[in-house]
Amino acid sequence: MTCIKATLTALAVMLLAACGGGNDSAPNSEAGESAEVSKAANSNTQGVSDSEVVLGSHTDLSGPVAIWGVGSINGARMRFEEANEAGGVHGRQIRFVVEDTSYQIPRAIQAANKLINRDKVFAMVLNLGTPMNNAVLTQQLKAGIPNMFPLTGARTMVEPYHDLKFAQRGIYYDEIRAGVKYFLEEGGKESPCVIYQDTDYGQEILEGAQDQLEDMGRELVGVSAHRPTESEFTASIIRLRNAGCDVVFMGTIHRDTILILETARKMSFDVTFVGNNAAYGKVIAEQESGAGEGYHAFVHMAKPYREDGLDETVLEWWDRYEARFGEEPGVPAMEGYRAGDLIITALEAAGRDLDTATFLTAVEGITDYEDIFGYRVQFGPGDHNGVSESVLSVVENGKWKTLATAISY
């Protein structure tokens, strides 16, 4: 695994460097660099002209997590179109260039290459996937391109601190720690277990659970790891059942989450399963078999349902989205729309004399923001996490229901 990661990192460096991805005036360290130094270093900005700002994204539009990629890009694109139709931002139109990675690291490297060196993007927005972001992030930051609101809750998106990294969703590690604390202290669980993908993402879930349990003087009673492509989970469920688990924390995404829940149902393994942002979606709640019933997730945004009664502003947004894309919006669309709105908010605050330095200062000035869905985001100098609390949801009768808000560890 270590050799694979090293090879991919080297490949990313070679591909990006071959196309001029390096920039001697850009920040070349993710730690120990003051905001003043790095912002000054990035004052010469690509992707900005008198008439437009160019933004880019590499995401999954056709692979295993396209449900997140397509919805988030649609949401952001709708917000950018609204701004453009209103005359742009300080007279500049927003051009949004999106590349499909199919959730594959080599394609993400190629996409980042194109966006940075050919399209000359001003910033990346909503790049999807922990492995994909990790594969290109070092060279992207060296090129002086901000990484805005990636669709991953990996700690590497905000740690170590870097002026060019901003998040607007919960960090997986924090979410799982909050989950462990909540279910052991509030839910009365005694025997925690973890099932996870053997990936960078899955490792963060395992480490989060282990670290929280260590702080509580407890430990995991069972663990099961699997490949992202795994489709058979009988042995995993037997392992967890034999360990005596009464709550299972999941480092999974949509496909393996559903398969695990289906296997547990067939084997009458009736325990509490708990996931996070990466494994939260309508498709899990609406499984015809009912396997999703009782499944919990810690998330930064909860799915709304039109029939439950929505705010007029949200209803108007919902109708615009349906008219534009021919389907109802979900959490990915909400997250994408908010990302677009945050970008526009920062561009407006940065003023006509836009460069990376004024943009970063403007984002850090977003200290009291509430989106149209009622969720708060805030940044500041040295604080680029955006959110620090989770919403706990559970599947009941084929729908997501919010159980608690403002949960942290």
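The values are calculated or read from the model by the stated rules, or taken from the named source; none is laboratory data. Remember, predicted model here, so these are calculated numbers, not experimental data. Reconstructed Cβ throughout: ideal geometry from the backbone, glycine too, with neighbour counts over all protein chains shown.
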(request) Identify the residue in region 109-144 that is aliphatic (A, V, I, L, M), assigned to a helix (DSSP H, G or I) and within 19 Å of Ile73 (Cβ to Cβ) and, among all such residues, is modelled with the lowest pLDDT. (result) Met132
(request) Working carefully through the options Gly179, Gly188, Gly202, Gly208, find the one that is in contact with a helix residue (DSSP H, G or I) (Cβ under 6 Å, 6 or more places away or on another chain) and not aliphatic (A, V, I, L, M). (result) Gly208
(message) If I ask for residues that are in a strand (DSSP E or B) and touching a residue at least 60 places away in the same chain (Cβ under 8 Å), which ones from region 67-93 would you list?
(response) Val89, Arg92
(request) Quickly run through region 33-69 and pick out the residues that are among the hydrophobic types (A, V, I, L, M, F, W, C) and either closer than 21 Å to Val331 by Cα or modelled with pLDDT of 55 or more (or both). (result) Val48, Val53, Val54, Leu55, Leu61, Val65, Ala66, Ile67, Trp68
(message) Give me the residue from region 276-286 that is out of contact with any Lys or Arg (no Cβ under 7 Å at 6 or more places or on another chain) and in contact (Cβ under 8 Å) with a residue 40 or more places away in the chain and, out of that set, farthest from Glu204 (Cα to Cα).
(response) Glu286
(message) Anything in region 317-347 that is surrounded by fewer than 22 Cβ atoms within 10 Å (Cβ to Cβ) and under 17 Å from Pro146 (Cα atoms)? List them, or say none.
(response) Asp341, Ile344, Thr345
(request) Could you list all residues from region 170-214 that are in a loop (DSSP other than H, G, I, E, B) and of a type in the set (Gly, Ala, Ser)? (result) Gly170, Gly187, Gly188, Ser191
(request) Determine if region 306-316 includes at least one residue that is of a type in the set (Ser, Thr, Tyr) and surrounded by 14 or more Cβ atoms within 10 Å (Cβ to Cβ). (result) no
(request) Quickly run through region 145-169 and pick out the residues that are touching a Lys or Arg at 6+ places or on another chain (Cβ under 7 Å) and either among the charged types (D, E, K, R) or assigned to a helix (DSSP H, G or I) (or both). (result) Met157, Asp163
(request) Write out, first by first residue and then by second, each pair whose Cβ atoms fall under 6 Å of each other, whose residues are 6+ apart or on separate chains, and whose first residue, in region 115-126, is within 17 Å of Thr59 (Cβ to Cβ) while the second is of a type in the set (S, T, N, Q) and assigned to a strand (DSSP E or B). (result) Met124/Asn147; Val125/Ser57; Leu126/Ser57
(request) For region 356-382, name all the residues that are part of a strand (DSSP E or B), out of contact with any helix residue (DSSP H, G or I) (no Cβ under 6 Å at 6 or more places or on another chain) and not aromatic (Phe, Trp, Tyr). (result) Glu370, Arg376, Val377, Gln378
(request) Give region 51-66 a look and list any residue that's buried (at least 19 other Cβ atoms within 10 Å of the Cβ), assigned to a strand (DSSP E or B) and not hydroxyl-bearing (Ser, Thr, Tyr), or say none. (result) Val53, Val54, Leu55, Gly56, His58
(message) For the structure I just gave you, tell me whether Ala264 is modelled with pLDDT under 95 and touching a helix residue (DSSP H, G or I) at 6+ places or on another chain (Cβ under 7 Å).
(response) no
(message) Taking the criterion of being touching an Asp or Glu at 6+ places or on another chain (Cβ under 6 Å) and modelled with pLDDT of 95 or more, would at least one residue in region 365-374 satisfy it?
(response) no
(message) Looking at Arg218, Arg265, Arg255, can you tell me which residue is part of a helix (DSSP H, G or I) and either among the aromatic types (Phe, Trp, Tyr) or over 23 Å from Met132 (Cβ atoms) (or both)?
(response) Arg265
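Which residues, taken from region 298-317, are in a helix (DSSP H, G or I), in contact (Cβ under 8 Å) with a residue 40 or more places away in the chain and either of a type in the set (A, V, I, L, M, F, W, C) or touching a strand residue (DSSP E or B) at 6+ places or on another chain (Cβ under 9 Å) (or both)?
Taking region 298-317 first, the residues in a helix (DSSP H, G or I) are 306-308, 312-317.
Still in the list and also in contact (Cβ under 8 Å) with a residue 40 or more places away in the chain: 313-314, 317.
Answer for region 298-317, where residues must be in a helix (DSSP H, G or I), in contact (Cβ under 8 Å) with a residue 40 or more places away in the chain and either of a type in the set (A, V, I, L, M, F, W, C) or touching a strand residue (DSSP E or B) at 6+ places or on another chain (Cβ under 9 Å) (or both): Val314, Trp317.
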